Structures are given as C-alpha cells and as structure tokens.
1. Quick one: which residue in A:Val81, A:Val100 is within 28 Å of B:Arg235 (Cβ to Cβ), of a type in the set (A, V, I, L, M) and more than 13 Å from chain B (Cβ to nearest Cβ)?
2. Could you please find all residues in the stretch B:30-86 being over 30 Å from A:Leu217 (Cβ atoms) and among the acidic types (Asp, Glu)?
3. Suppose we filter A:Met277, A:Met257 for residues that are closer than 30 Å to B:Phe38 by Cβ and within 16 Å of the chain's Cα centre (by Cα); which single one remains?
4. Quick test of your reading of the structure: A:Asp252 fulfils all but one of (1) without any contact (Cβ under 8 Å) to a residue 40 or more places away in the chain; (2) within 14 Å of chain B (Cβ to nearest Cβ). Name the failing condition by number.
5. Quick one: how many residues across the stretch B:9-55 are away from chain A (no Cβ under 12 Å), closer than 20 Å to A:Val64 by Cα and of a type in the set (Phe, Trp, Tyr)?
6. Of all residues in the stretch B:209-262, how many are exposed (fewer than 15 other Cβ atoms within 10 Å of the Cβ), β-branched (Val, Ile, Thr) and within 13 Å of chain A (Cβ to nearest Cβ)?
7. Report the residue count in the stretch B:23-40 for those that are over 15 Å from the mean Cα position of the chain (by Cα) and under 12 Å from B:Ile93 (Cβ atoms).
Amino acid sequence: MSTPTAVDLSVTVGGLRLRNPVMPASGTFAEGLDRVMDFNRLGAIVTKTITRELRTGNPLPRVVERPGSLINAIGIPSKGVAHFIEETLPYYAPYNTPLVVSISAPTAEGFAGLAAELSLPGVAAIEANISCPNIEEDGKAFAMRAETTEKVTRQLRDATKLPLWVKLTPNTGDMPEVARAAEAAGADAVVVANTILSMAIDLKTFKPCLGNIMGGLSGPAIKPIILRHVFQCARAIRIPVIGCGGIATSDDAVEYMLAGASAVQVGTATFVQPAAMTTIIEGLAAFCMHRDIARVAELSGGVVIEEADEPDLAWLNPPT
Amino acid sequence: MVAELAEVIANDSVNAEYRHLVVGCSEEAANGVAGQFFQLLCPQPAGEQPFLRRPMSLYGTNLAKRQVEFLYKVTGAGTRGLNTLQSGDRLDIMGPLGAGFALDGGWRNIVAVGRGAGLATLAPLAQIARRNGTGVTAVFSARRPELVVSVDLFRGHGAEVIVVTDSESTSGPSNVERILRRLISEGRCDAFFTCGSSRLVRVQQRLAREFGLPGQVAMEQQMACGLGLCFCCVRDFNVQGEIVQRRVCWDGPVFDLMEALP
C-alpha cells in the first residue's frame, strides 16, 4: 500500500519538469493569491497575458455570471513589457516554481518580437495566447485556422529557444487540425483551451450584460466540451496537451488527464475558492494513493475505450 | 487568509428593506476594520444559482466574541440566498479584504456622510472613532426616514446623527452642502468619510477643496474574485491630473476622496 508521500506528482510538459500538473490559467493569477497559498506548491505559475502596448481593457461590465459559469470580457489590460520586466519578473524571482509568461500580439511578427524580448532569465516558458484577434485576418483569432496558427507558431519558434506553449481556442471548427499545425510549426505543447465565445442579455434593459457585448464562457459548465477537445487533440498530436476548462476539483483534473492531458490549468474556480489549486494538488495525491497509482503521469491518456464497445468516432474526425 | 465556514448566529430583519446577519468566525476575520469587505459564497435560493461570491462590506465586528456582522438588502440571487440562512447554518466567508478607512490621530472631529447601503459600510467607523476619542457627526441620507439604518449604532457610540430624506425633501445636494458648511464653520469637520452617493461625494469634494480638508470614500463596483486577480472591478481615478485605473477590490474599496471620479 502506498503512502501519500510515495505518490510521484511530477510531470514533464512541453520541455519543463513540473513538481505537479497543476497551474493557474492565464488571467486568473496575481500577487494577491500569496495571501492564500504558497506559490512554491504549484506546478507552474502562468502570468496574465502581456502585450507590448499599454492596454486599458474593455468597457464595464466585464463579467456576468450564468449557472455554473462566468462570461468575461476583461480585454487583457496590460501595463506593457517594461512594467513586466521591472516589476513582475523580480516579484516572482524568489519562488522556485517555473514562471510561464503568457503573451499576445495583433500580428505574427508582434508575437515573435515579444517572445524574443521576454526570453529572459527567470522565464521558464512562453505561452502564446493565439486566441486573440489577428488584425491581419479581419480580427479572426489566429487559432481559429490551421494556416494562421502554423504561421504565428513558426515565427514564435524562430524567435525563442524557451519551451513554447500555444494556447488554442475552442471557437473553431476543427481543433485537432489547428493543434497539428501548432505541432508541425514547432510548439512544445498546446493548451486546450481558452474560453468559449458567448453572450448574455439583461431582460430589464434589453442590453447585453457585457460592455464588450460578447465574452468568453468559463467555469464548470464548459468542462464536458473542453474535455472532448482535449481528448481529440491528444489523439491528433504527439506533443503534450495542457487541459484548461472548468476544472474546479481534483476529480475534474483526473478526468482531464485520463482524456489525454499531461497537466491542467485552473482558472475560474480560483475566483470562487481561492485555494482551489492547492486543494486540487492534495486531491490528486489522495486519488492516486487510493487507486494505488505511483505516478500521476500514468493517468495521462488513461481513458479506457474497450474495443468491443468502441463507439464510432469517425464523425468527430471526418477524413479530410 | 483563506475562506472559512462561519456559523450563522442571527439573520434578522431590521426594517422593511435591510437584514442583519451575524456569523461566528476566526480571529483573523473578526479583526476586519471599517471599510473592508468579505466575499460571501451565498447559498442557492430556490430556482437560482449564484455562481460568484458576493462582496459585502463589514457592518460590525466583535473580536471578543469572534463575530462579524453584515447588513444587506435582498435585491438579487445572492442576497436571496443569504435570506434563507438560519442560525446554526454554515456560510463560506472570505476576508477581511481590501483597504479600509484610516483614522488620523490628529483629527478631533470627523463627518460621516452616507446614503442607502453606504450607511452599513460607514457603521464600524463609529466604534473606532469612539475608541480614538474622535468626535463624529453623521449625515445619513435615505428615501424615507424608516429606511435609515445605523442611526442607533452611531448614537450609541456618542455620535450626532442628522437624517436627511427624499420624502421630506431634505436630501438634495444643496441642503447637505448647507449642513456640511455649518459643521465646517463649527470646527466639527477635520475629515470626510463617505459611501453610497455620487452626488454627495461631489459635494464633499467641492468643500474639501475649498477648505483644504482630507477625505476618504468607499467605492462600489461589481466584483468577481475580490483578490485583485481578474480586473473586472476597475474604476477610473484622478491621480494628480492623470486618469488611472484601479481595482476597487485590491487598491480600495476605500480611496482618497479627491482621487475618486464618482
């Protein structure tokens, strides 16, 4: 019988060795959480998305809740690169947890320049948030199409030697195809996924609930949808998949790993229970101990699909 | 600081609109100060599913009994959930959060100006002021006299309370300005403390500028995380002529009166 300390929670993800598979989703983590948890317990730290330019963000209201979910349109407020280098980077320096820097830019060239500039000591990996609008493609997110994903990932790959994670959007018809493009262009891992484009309308005023009209849906309500995306992407590529979508409990994290994720990101759950990530880490250890699993990494892709009962998945991946 | 399961001690109506919630909590929670807030994970009322926590300003604390108190009006899914709580129930609370009011030892007399739910936020000031030996005059505004809360609490701590209401046509900015000018001329206003009305904030800003008085304002904004993570509760502030965005949950909710853009 294993003891809790005997469970090996470490995982290898996209060029990084992590002490456990749990990290924040970009945009849901900041210094304020040090009042709640020891950052040295996390698998990794993922920063808010940094842009080159100063951005104030979207008009208010920026969030609206729906059952089991949240719709946000924060708009990536960013204090720019200089502020990140002078303030944020030194703040995280004392922690021995890998710092993953999320970046965004309106062009492929902008992404590459930012990745090069932020390939600094203290930065463990770059997470490219390519779910944002591409001004060269009429505002369509890079990750909505395989070609634009491949182009931006290739430029990023040429710009940095750091491990490169590419964060994909579920707002596309064919995520496995986009994931394959990211892999082909040199990404070390893909994050599946970002929020689901959505909307809410106020019945008193007939106005949209968000200042930006539309926003991204997150929270437990989207978990089954993103879990399916993780399952499909993990089957389509060899590089690791980092699962992200509605994870609030260790059971959710286990489900994502069984579907094929090598690690998980926790976002919206932190807004409701700030200690969600450390609770999930403890729960993962307990789950593995209970099920006599020595290494949490063994869970990855462990979903059992019995041959006799294999469902016809062809319609999910139509031959191209 | 982490969330904790507090025990509901009481949850009673105080008037036609407001309810008073008292919970037993940790020492850290009971150490909250005036102007700080808690994030309450509200129970689900029938047919509704509030998802986020609800920010609620501190109405009172009792460190000896390890209790915190809240005053709330039932207006949405979250407060309808709070309304279902009975003594003995558990409520997930997280706090105290944010920056509260700060009393300067040099101030002999302060003026608290509030309206509506803002009166609840100002309430714990009365206790601190009394402890510091600071005199308090409160100008409380409401739609009708029977809806004013905190009056007995302030009077119990030795404060003078002036009530102005819409129904008596005394709550307009010009009348409040007359009252405040009188208090200033009588030497009873070394600083303003305010919450709950943009119009009254503007009156106080005008007077503060004219007489060189300091002031603090507790601001409201829709929140999600309450910990400075999500940037959903930002507001614009005027910092030496430059407009800057600040997070109400993290940089506030109490701000310098002159920097607020009500």
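Just so you know, all these numbers are worked out from the coordinates, no wet-lab data involved. This is a predicted model, so every value here is computed, not measured. Don't worry about glycine lacking a Cβ; one is built from the backbone with ideal geometry, like all the others, and counts go over all protein chains shown.
1. Result: A:Val81 is the single residue among A:Val81, A:Val100 that is within 28 Å of B:Arg235 (Cβ to Cβ), of a type in the set (A, V, I, L, M) and more than 13 Å from chain B (Cβ to nearest Cβ).
2. B:Glu69
3. A:Met277
4. For A:Asp252, the exception is condition (2).
5. Number satisfying all stated conditions: 1.
6. 2
7. Counting residues in the stretch B:23-40 that are over 15 Å from the mean Cα position of the chain (by Cα) and under 12 Å from B:Ile93 (Cβ atoms) gives 8.
The rows are residues; the columns are (1) closer than 21 Å to A:Ile74 by Cα; (2) surrounded by 24 or more Cβ atoms within 10 Å (Cβ to Cβ); (3) among the polar types (S, T, N, Q).
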residue: A:Arg180; (1), (2), (3): no, no, no
residue: A:Val190; (1), (2), (3): no, yes, no
residue: A:Ile196; (1), (2), (3): yes, no, no
residue: A:Ala200; (1), (2), (3): yes, no, no
residue: A:Cys244; (1), (2), (3): yes, yes, no
residue: A:Ala259; (1), (2), (3): no, yes, no
